[in-house]
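K.L.:
First, the structure itself, so that you have it in front of you.
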Amino acid sequence: MNAEEKKRAVAMWGLALCLLSAAAGWMFMRFGQAWSIADLPQSDSVGWIVSAYIIAEVMMIPVAGKAADRFGCRPVLALGSFVFILSSLLCTVSLTVGMLATLRLAQGAGAGIMLAIAFTAVGKLYEPSKRGKCHELMTAAFAIGSLFASAAGYYLTDTFNWRAGFVVLSAMAGAGFAVAWKFLPPTSGSEEKTDIADTAAVALLFGTAALYTQTVNDKFDLLSVPSAVFAAAIIALAALALALGKRSGNPALPVRMGGFEKKLMFLMFMFSMCGLGLIQYFFKLYLAYYEFDIYAASSYFLLLILGAAGPSMLGCRKVFATGVRPWVLTGSAIVAASLIITHFIADKGTLQFGISLFLFGLGLGFIVTEVLCSLQTVVEKKDMGQHTGCLMAIRMIGILVGNAVVGSYISEVLHGSRVTRVIDLNATGNALEEMASNFFSDIRQASASLDEGLMASVLIMAAVAAALAAVAYALEKDDVSALRRDGESPGER
Amino acid sequence: MCESKPRIAAALMAAIMLLSPVPILSGCSDAESPAEEYGAEFGIDYGSVDGFVRTVTGALMGKEIGIDGLIESFLSRYPGYELSLIPGMDSDFAIKRTIGESGSERRIADRIAGYVELSADFAGRGNFPGEGTYLPAEGETVSDLVERAMLSGDGTERDLRLGISFRLYFDADILTLIDLGSGEISGASVKLRMMSVEKDRSNFGLDIVQKEDGSPESLSVRYGTAAYTSNMFVSLGADLSFTGLRILGGSGSWDLQAGMTAHVDEFLVSSDFADSALSKALDMAGFDLGGKLPRLIMNIITSSDRMLDLFDTIDSLTGTEIPDVHLRADLTASDAADDSGRRYTSLRKTGDESGMEIRIPHSSYAVDFDRLLRLVPNYILPEEKADKILLVLAILGWDTREILDLRDDPETSESIGNVFDKVDREIEDDKKYELSIPAEYICIAAAGLAALLAGAAFIWRRGI
């Protein structure tokens with residue numbers, strides 16, 4: 001490794017730290033939000049503290065990717081880090097929940113930019129055959145940030161104050177940016193001017209889609225008129241963004257991509273929905289099983305990461321030679337099998353829990369990094385940000401849609417299983433005791449219903465994962481291995 | 001504890017059932033009145049309590065002694081110590097009623113609100129004990145142990161200070177509908193807000209550990225400023241329904257059904273309240289918290305400085321919405337009259353002739369404190385203490401008390417308005433949290449912002 005390569009490698013660690021902060025920023029206030037902001041005046045907007053972040057993050061990912069193509073990675077990363085650190089620091093001195101939610105919106109925007117740049121920079125700075133290791137690092141940072149942020153947030157709030165989490169996030173992002181800025185080589189921009197209307201339409205599309213996933217289960221049901229209106233608005237915005245993109249000379253979305261890319265985008269969306277979208281509910285279920293011991297529940301995510309690490313490490317190194325099809329085919333089969341296994345054994349004990357999580361991670365390890373590497377292989381470097389940003393935004397939307405669908409289904413199950421209890425004063429000696437007993441059995445019932453809802457969803461997701469194998473099979477004719485056989489891939493240009 | 005459980009049920013039932021008859025309690029034959037609006041206000045302050053104490057001491061001891069005199073005589077038991085105790089008390093209650101008729105229905109809308117504020121400031125200078133743990137002597141009670149320990153000075157002159165304040169505010173809106181055709185209560189709804197605020201500040205602390213039988217195990221004395229804020233706010237609504245509750249024109253005895261659906265809108269508790277009063281109250285009421293309420297929820301509730309909504313916290317962690325409480329009861333009603341000939345409708349649980357009786361007066365009404373005190377669970381008010389209270393009430397002539405007439409005059413309206421305003425204001429003020437950002441986070445944010453801006457300027461000068 002020469003000096004230049006060493007510098008790039010160090011820069012990747014800096015970017016990974018930025019990505020870790022961005023990923024952790026979403027979930028670290030997820031559990032016990034009311035507690036997290038307990039010293040702010042009471043407000044009904046508490047839910048927006050988490051939602052605002054993810055909406056802004058998803059909204060900014062495609063925009064930032066496109067901006068990296070136009071201006072290069074360094075200035076866009078600088079802007080994203082500045083916004084993230086500034087808003088994180090201001091969050092620590094928030095005076096109201098509304099102010100905190102607004103700052104979280106800005107923080108999410110910064111996080112979206114950092115996330116897009118981390119993955120785009122890998123594509124822009126490395127040749128296809130060498131991207132694997134870097135994507136493995138980025139994927140690990142993203143997974144660790146997402147999966148352990150709840151426990152870390154809980155620890156910081158419990159030990160210090162909810163504000164400490166923001167200090168840690170800004171310090172991590174600051175350190176990551178400083179390293180990345182020092183060692184990241186400049187990447188060339190483009191002279192083509194940004195189409196503001198098209199870019200705004202794309203941001204609006206992804207922002208609205210993210211907003212829908214955050215409100216569908218909270219404000220209205222999935223199968224309701226408001227939901228249909230919202231979905232229609234998203235479709236209309238998608239049509240508008242596509243129309244503007246096709247007319248634009250420099251579209252924000254890769255509207256002219258080939259069939260192979262489209263299939264990869266579709267697979268990324270579906271697997272994110274079937275896989276990563278379930279994780280929040282796994283966590284809630286674990287919490288219930290572990291008597292709300294957040295650390296014990298979180299520790300089981302190590303098994304998921306352990307399961308994913310092996311195939312991911314192997315896949316991101318070999319996918320350039322083998323093509324993505326065998327990896328996604330194997331991965332979809334394992335994901336489907338692991339979900340079926342989850343359905344039947346996960347609630348039988350902690351060992352079974354662990355096994356199902358490990359297998360789940362194993363399946364996803366065959367898919368996520370491999371799809372990302374393959375997509376970047378067929379994309380020219382000048383368009384890397386546009387394609388990578390779109391893929392990552394689709395991935396995030398997939399996660400959120402999975403969350404919303406499973407959440408809606410579980411809400412239905414919870415609602416259906418709710419029994420109206422009437423205490424008959426003629427039949428009971430102690431009405432308060434009966435109320436207490438009802439209260440605790442309602443909590444148990446909710447846990448059981450959550451279990452039942454998740455397990456049913458898991459089976460449906462397994463069927464979807466199995467069906468995706470057919471899409472994966474159809475990747476063959478455009479696969480990267482074929483491109484390799486034909487000569488230099490676009491990603492090398 | 002077991003013995004007290006039927007009393008808990010009785011108290012609950014009383015609370016539920018007493019909510020509906022309140023609108024028709026008065027000395028003004030309200031239930032049979034046409035459209036009117038009037039009210040009453042009633043307050044007890046330190047001066048009136050002092051007067052009661054003088055009456056009681058006069059009757060019991062043959063010499064009238066006020067509160068100050070009692071305190072003085074108590075403190076004089078400890079020569080060598082400079083002690084002072086200043087108690088404070090204020091309370092006011094008000095009811096405003098609006099009666100109207102629409103079609104064949106009479107609507108009685110009441111607002112009942114009030115507050116009680118109690119305080120005590122204690123200061124002492126003398127040879128108080130050193131810090132440490134004191135063990136009881138054989139057969140020593142808690143109060144004996146405290147007295148002995150506090151008088152066992154270690155030769156050091158110390159200043160002790162203790163300030164306690166307790167405030168309770170309640171506000172209820174009650175709507176009762178009476179079908180004029182059948183004379184039955186066709187429905188009732190209640191909205192209740194209640195806030196309790198307890199603030200203690202002291203420069204010393206006593207930790208008493210008791211055995212299961214109530215005898216002392218140890219007493220620890222420590223010095224240092226300590227503050228305790230135990231706040232609770234509950235806001236709930238209840239809809240009551242009745243079948244066959246004849247109020248106007250009932251005679252003989254008949255069966256009826258009563259139902260209630262209660263919904264808690266807010267249940268805010270401070271960490272100190274959750275740590276002590278809530279746990280104890282739930283435990284005493286039969287809610288065995290041990291191992292049932294997830295530890296995480298208790299951690300969250302008890303580690304916050306501000307009041308948190310217990311139900312929202314449970315919901316956010318478990319996805320469990322706390323359901324409404326539905327109660328039903330089969331009751332036997334009968335038309336009856338008390339010794340003074342006041343007519344009322346008597347309600348008892350069907351088949352439980354010896355159980356608690358609820359009286360819904362037809363016109364004038366007398367509060368029977370004996371009946372009310374017997375409803376309080378034994379663990380809160382032991383029978384012997386209730387007897388003593390009843391003796392005092394009898395001396396004051398308060399064992400049976402006519403409810404004040406509701407009046408319709410400007411002076412009463414103004415004082416009612418003042419009570420309502422005070423209750424509204426205090427509840428809102430106490431629900432508000434005084435925001436204080438920890439100083440270290442202000443410093444971190446300022447330093448971070450300075451570093452960020454310096455970094456941004458540096459990068460800008462170097463060229464992006």
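K.L.:
Please state which one of A:PHE366, A:PHE360 is aromatic (Phe, Trp, Tyr) and in contact with a Phe, Trp or Tyr (Cβ under 6 Å, 6 or more places away or on another chain).
P.N.:
Just a single option satisfies the conditions, and that option is A:PHE366.
K.L.:
Take the residues in segment B:91-118 that are surrounded by 15 or more Cβ atoms within 10 Å (Cβ to Cβ) and of a type in the set (D, E, K, R); name whichever of them is farthest from B:GLY181 (Cα to Cα).
P.N.:
B:GLU117
K.L.:
Kindly establish whether A:ALA175 is more than 22 Å from A:ILE399 (Cβ to Cβ), part of a helix (DSSP H, G or I), within 12 Å of chain B (Cβ to nearest Cβ) and modelled with pLDDT of 95 or more.
P.N.:
Yes.
K.L.:
Do you know which residues across segment B:173-198 are closer than 17 Å to B:PHE93 by Cα and buried (at least 18 other Cβ atoms within 10 Å of the Cβ)?
P.N.:
Passing the criteria: B:ILE174, B:LEU192, B:ARG193, B:MET195, B:SER196.
K.L.:
For segment B:146-174: of the residues being in contact (Cβ under 8 Å) with a residue 40 or more places away in the chain and acidic (Asp, Glu), which is nearest to B:ALA113 (Cα to Cα)?
P.N.:
Checking each candidate, the answer is B:ASP171.
K.L.:
Collect the residues in segment A:383-415 that are more than 27 Å from A:TRP327 (Cβ to Cβ) and in contact (Cβ under 8 Å) with a residue 24 or more places away in the chain, keeping them in residue-number order.
P.N.:
A:ALA404, A:GLY407, A:SER408, A:TYR409, A:ILE410, A:SER411, A:GLU412, A:VAL413, A:LEU414
K.L.:
From the list A:GLU434, A:GLU452, A:GLU412, which residue is at pLDDT below 80, touching a Ser or Thr at 6+ places or on another chain (Cβ under 7 Å) and either in a helix (DSSP H, G or I) or more than 30 Å from A:ILE61 (Cα to Cα) (or both)?
P.N.:
Selected residue: A:GLU434, the only one of A:GLU434, A:GLU452, A:GLU412 that is at pLDDT below 80, touching a Ser or Thr at 6+ places or on another chain (Cβ under 7 Å) and either in a helix (DSSP H, G or I) or more than 30 Å from A:ILE61 (Cα to Cα) (or both).
K.L.:
Quick one: would you say A:GLY145 is closer than 17 Å to A:LEU19 by Cα, of a type outside the set (A, V, I, L, M, F, W, C), within 14 Å of another protein chain (Cβ to nearest Cβ) and part of a helix (DSSP H, G or I)?
P.N.:
no
K.L.:
Return the residue satisfying two criteria in turn: it lies in segment B:344-363 and is at pLDDT 75 or above and assigned to a loop (DSSP other than H, G, I, E, B), and of such residues it is farthest from the other protein chains (Cβ to nearest Cβ).
P.N.:
So the residue we want is B:GLU357.
K.L.:
Is at least one residue of segment A:39-58 touching a Phe, Trp or Tyr at 6+ places or on another chain (Cβ under 9 Å), facing chain B (nearest Cβ under 8 Å) and buried (at least 24 other Cβ atoms within 10 Å of the Cβ)?
P.N.:
no
K.L.:
Quick check on A:ARG74: is it in a helix (DSSP H, G or I), surrounded by 24 or more Cβ atoms within 10 Å (Cβ to Cβ) and at pLDDT below 95?
P.N.:
no
K.L.:
Going by what's in this entry, would B:ARG148 be described as surrounded by 19 or more Cβ atoms within 10 Å (Cβ to Cβ), more than 24 Å from the chain's Cα centre (by Cα) and basic (Lys, Arg)?
P.N.:
No.
K.L.:
Separate question: Quick check, is A:MET29 away from chain B (no Cβ under 13 Å), at pLDDT below 95 and not in a helix (DSSP H, G or I)?
P.N.:
No: the conditions fail for A:MET29.
K.L.:
Conditions: (1) under 24 Å from the mean Cα position of the chain (by Cα); (2) at pLDDT below 95. A:LEU184 meets all but one. Number of the miss?
P.N.:
With respect to (1) under 24 Å from the mean Cα position of the chain (by Cα); (2) at pLDDT below 95, A:LEU184 is out only on (1).
K.L.:
Right, next: Quick one: count up the residues across segment B:320-343 that are assigned to a loop (DSSP other than H, G, I, E, B) and either closer than 18 Å to B:SER241 by Cα or within 14 Å of chain A (Cβ to nearest Cβ) (or both).
P.N.:
5
K.L.:
While we're looking at this one, here's another question. Given the residues A:PHE166, A:PHE142, A:PHE119, which is the only one that is closer than 23 Å to B:TYR441 by Cβ, among the hydrophobic types (A, V, I, L, M, F, W, C) and in the same structural domain as A:SER21 (by TED's automatic domain parsing)?
P.N.:
A:PHE166
K.L.:
Given the condition closer than 25 Å to A:ASP44 by Cβ and touching a helix residue (DSSP H, G or I) at 6+ places or on another chain (Cβ under 6 Å), answer yes or no: does some residue in segment A:130-149 qualify?
P.N.:
yes
The values are calculated or read from the model by the stated rules, or taken from the named source; none is laboratory data. Keep in mind it's a predicted model, so treat the numbers as computed, not measured. When we count neighbours, we look across all protein chains shown, and the Cβ atoms used for this are built from the backbone with ideal geometry, even at glycine.
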